[in-house]
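*Asks:* Encoded as structure tokens, here's the structure I'll be asking about.
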């Protein structure tokens with residue numbers, strides 16, 4: 001039911017769309033490597049405690065982190081402002097998604113421009 005607003009002749013070809021997808025995957029992979037290298041040792045250790053990757057959707061870079069246990073989830077959540085600062089080296093518009101272990105809650109989705117600096121986070 002989703003009709004394109006352009007005539008078929010004006011739409012990109014299947015091959016063009018496929019090449020574009022490949023180029024986006026390569027950009028995501030290159031960003032992941034550069035991001036990891038830009039991180040300090042403790043941040044690298046935190047990243048290694050979870051499954052993480054980058055995804056680009058509608059021009060927005062998203063850091064996706066999936067935690068395997070609640071301890072790594074808590075540590076990652078405490079460090080979100082630091083991850084946001086690191087991401088700002090790569091783009092002005094980005095999101096961070098943090099997922100707790102399966103069946104332990106819903107993923108947090110945060111835009112990096114909405115995250116409070118470390119010193120401004122309320123203590124609980």
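*Asks:* In contact with a strand residue (DSSP E or B) (Cβ under 7 Å, 6 or more places away or on another chain) and surrounded by 13 or more Cβ atoms within 10 Å (Cβ to Cβ): does that describe residue 61?
*Replies:* Taking the combined requirement at face value, the residue satisfies it.
*Asks:* Right, something else. Which ones in region 47-58 are surrounded by 13 or more Cβ atoms within 10 Å (Cβ to Cβ) and either within 15 Å of the chain's Cα centre (by Cα) or under 17 Å from residue 91 (Cβ atoms) (or both)? Spell out how you get there, then give the answer.
*Replies:* At the first step, the residues of region 47-58 found to be surrounded by 13 or more Cβ atoms within 10 Å (Cβ to Cβ) are 47, 49-50, 52-56.
Result: 47, 50, 52, 53, 54, 55, 56.
*Asks:* Still on this model: With the requirement that a residue be buried (at least 19 other Cβ atoms within 10 Å of the Cβ) and over 19 Å from residue 34 (Cβ atoms), what does region 80-100 give you?
*Replies:* Within region 80-100, 80, 98, 99, 100 meet the criteria.
For (1) out of contact with any helix residue (DSSP H, G or I) (no Cβ under 9 Å at 6 or more places or on another chain); (2) over 19 Å from residue 89 (Cβ atoms), each residue gets a yes or a no:
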site	(1), (2)
5	yes, yes
10	yes, yes
13	yes, yes
16	yes, yes
20	yes, yes
24	yes, yes
33	yes, no
39	no, no
44	no, no
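Just so you know, all these numbers are worked out from the coordinates, no wet-lab data involved. Please read all numbers here as calculations on a predicted model, not as lab measurements. Note that we place each Cβ from the backbone using ideal geometry, even for glycine, and neighbour counts take in every protein chain shown.
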